[in-house]
Amino acid sequence: MSVRVSPDKCIACTTCVVHCPVARVTPKFLGPRMIGPAYERFRLLGLAEDESLTYCANCKNCDITCPQGVPVSSINMLARAEHCKKHGTSMRDWVLAHGELQAKLLQLIPAALKNFGMLNPVTRKVLDMFGIDKRAPLPAFAPKTFRQMARKVEQPSLPRKVVFFPGCFVDVYDPQTGLDMIWAFNRAGYEVITPEKFGCCGLPMIANGFWQDSRRQAKRNLAEIARWRDQGIPVVTGCPSCALTFRQDLPEFFPDLVEKHGAGVLEDAQDFLLDCVDRGELELEDKAPGDLSLIYHAPCHLRAQGNGLPGLKLLQRLKGVSARNADAGCCGISGSYGFKKEKYDIAQEVGSELFHVVRESGADFATSECGTCRVQIQHGSGKKALHPVSILRARLEGRRPA
């Protein structure tokens, strides 16, 4: 790889170490400063990689807190990619990095059969031997993908358009959130376009060391985004991790593709809807009977973008809803990190404070924009977690979220 991130701005203040959720709970990770900027100098001298690198969760808390603006997580992901290029990757990591491809390969098999095959105790034991912890909360396949369901949605013909980037989680496991998003945008006066050419944002591939696969996804997605950008149609996503990948990772890792296709910015769907409210395009008439109490989790990849908490603000605009920020750190899942056998206990320990706050909140539901955060919160706290836009739709339709 020709891309390198300079570690020279690091002043070794250790702020990133203090805020690293993984270094806080395990000595197996040397910490973001040591394995990032400090070790990068050894890498430049050709020294062997430290095994501790595999324990970086790529949660970006080091980037969020660095006073010098050093993209520590990017240094780590580049080093991981280089290490995987030289020494290969495991089949377990390939499986976790290519969920979208597997879903396409299995699309002709009924969801019930797929879920029985993947989630029964015998298979989970085999997966555990394979490196995917048998206790990990693997999401179930939806009966139909979001894109299959979106094709059948009869939207009103509206002059204003918006393009929706669903992300793998919504497309394969949680299509209802995508349908709720279409409903909300239609209500705000926007017809929603869901292009078939969009693929995975590439983050699972970056995090697991499959650099070339991520590059192929970036090339395909950036070209598609450019097509809509040239027509003046905004592209939005409800997933903070997808948005951050396009905003930060792709320009750093594949600058030649960004130069060719232009910046592939995905706007935050919740922020877009909040602006619709402020412009008077979306009325928030809460018709649901009774009050609703919510505990909100801000995904690390949302906080890394520095855009505030639009999903929480949107819910707080509803008169019958009481929504407060849990403000209890990382949930620990970091995409597929918490599914891995050697990382499962670490991920649970990282998320333990959040789970406690959610359990003790007394809220009716937890809520968060990130799909895997919701899976982890539900697994760790026992509290059902929903996307903010799904709750918004339920309240405006006059019913309780389900």
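The values are calculated or read from the model by the stated rules, or taken from the named source; none is laboratory data. Bear in mind that the values here come from a model prediction, so they are computed numbers and not experimental data. Here the Cβ is made from the backbone with ideal geometry for all residues, glycine too, and neighbour counts use every protein chain on show. Only protein heavy atoms, including side chains, enter the accessible area calculation; ligands, DNA and RNA are left aside. Shrake-Rupley method; radii C 1.70, N 1.55, O 1.52, S 1.80 Å.
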Length gained if LYS313 through THR26 is fully extended, taking 0.36 nm per residue and subtracting the Cα-Cα distance, is 99.9 nm
Residues other than ARG279 with Cβ under 14 Å of its Cβ, Lys/Arg counted +1 and Asp/Glu -1, net out at -2
Ranking HIS83, HIS261, HIS19 from most to least accessible area with a 1.4 Å probe gives HIS19, HIS83, HIS261
Carbon/sulfur accessible area of the range 139-246, % of total, 1.4 Å probe, equals 54
So, over other residues within a Cβ distance under 12 Å of GLN217, counting Lys, Arg +1 and Asp, Glu -1, the net charge is +1
Spelling it out for GLU267: with amide H atoms placed in the peptide plane at 1.01 Å from N, the residues 5 or more places away or on another chain with amide H under 5 Å from its amide H are VAL235, VAL236, THR237
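Could you calculate the contour length gain from LYS134 to VAL277, that is, 0.36 nm times the residue separation minus the distance between their Cα atoms, to one decimal place in nm?
Details: separation 143, 0.36 × 143 = 51.48 nm, distance 4.39 nm.
The span from LYS134 to VAL277 would gain 47.1 nm if fully extended.
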For the ALA12, ARG227 Cβ pair and Förster radius 45 Å, calculated FRET efficiency rounded to 0.05 is 0.50
The answer for GLU191, listing residues at least 5 apart or on another chain whose modeled amide H is closer than 5 Å to its amide H, is LEU158, ARG160, LYS161, VAL162
In debye to the nearest 20, the charge dipole size for the range 263-351, taken about the Cα centre with +1 at each Lys and Arg Cβ and -1 at each Asp and Glu Cβ, equals 280
Distance in nm between ARG151 and ASN186 label points, each 7 Å along Cα→Cβ, equals 1.8
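Beyond a 22 Å Cα-Cα separation, which of these cross-linked pairs lie in this structure: LYS9/LYS60; LYS152/LYS313; LYS104/LYS219? Provide the component values of the computation, followed by the final result.
On the way: LYS9/LYS60 17 Å; LYS152/LYS313 31 Å; LYS104/LYS219 20 Å.
Going by Cα-Cα distance, LYS152/LYS313 fall outside the 22 Å limit.
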Answer in debye to the nearest 20: the dipole magnitude of the chain about its Cα centre, from +1 Lys/Arg and -1 Asp/Glu charges placed on Cβ, is 760
Cα-based Rg and Dmax for the range 88-166, in Å, come out at 16.8, 54
Under the Karplus relation with 6.51, -1.76 and 1.60 and θ = phi - 60°, whole-Hz ³J(HN,Hα) for the range 234-246, x at Gly and Pro, equal x, 10, 10, 9, x, 9, x, 5, 4, 4, 5, 4, 6
Computed D for the range 297-344, Stokes-Einstein, Kirkwood radius over alpha-carbon pairs, 37 °C, 0.692 mPa s, to the nearest µm² per second, is 261
P(r) of the range 225-301 over all Cα-Cα pairs, 10 Å bins starting at 0, rounded to whole percent, reads 16, 34, 30, 14, 6, 0
Taking a crude spin-label model, label points 7 Å out from Cα along the C-beta direction, the ASP291 to ALA402 distance in nm is 2.6
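Between ALA48 and LYS197, what FRET efficiency follows from the Cβ-Cβ distance if R0 is 35 Å, with the result rounded to 0.05? Working shown, then result.
Working: r = 41 Å, r/R0 = 1.17.
Plugging the Cβ-Cβ distance into 1/(1 + (r/R0)^6) gives 0.30.
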Once all protein chains are kept in place, LEU274 shows an accessible area at probe 1.4 Å, nearest 10 Å², of 10
Given the candidates CYS66, ALA298, HIS379, the one whose Cα lies deepest towards the positive end of the charge dipole of the chain, counting +1 at each Lys or Arg C-beta and -1 at each Asp or Glu C-beta, is HIS379
Once the mean of 1/r over all distinct C-alpha pairs in the chain is inverted, the Kirkwood radius in Å reads 21.8
For the pair PHE116 and ARG160, the simple spin-label estimate (label points 7 Å beyond Cα toward Cβ) gives in nm 4.8
So the carbon and sulfur contribution to the accessible area of the range 321-387, 1.4 Å probe, in percent, is 42
Straight-line reach check, LYS125, cutoff 18 Å on alpha carbons, 8 or more apart in-chain or any other chain, hits among aspartates and glutamates -> ASP93, ASP133, GLU342, ASP345
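Which of the GluC sites (Glu not before Pro) found in the range 179-269 are loop residues per DSSP with 13 or fewer other Cβ atoms within 10 Å of their Cβ?
Working: sites: GLU191, GLU196, GLU224, GLU252, GLU259, GLU267; in loops: GLU196.
Within the range 179-269, the qualifying GluC sites (Glu not before Pro) (loop, at most 13 other Cβ atoms within 10 Å) are GLU196.
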Semi-axes (Å, rounded, descending) of the ellipsoid equivalent to the range 12-123 per its C-alpha gyration tensor are 34, 17, 13
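For the chain, what is the accessible area per residue in Å² when the probe is 1.4 Å?
Values: 17380 Å² over 402 residues.
It amounts to 43 Å² per residue over the chain.
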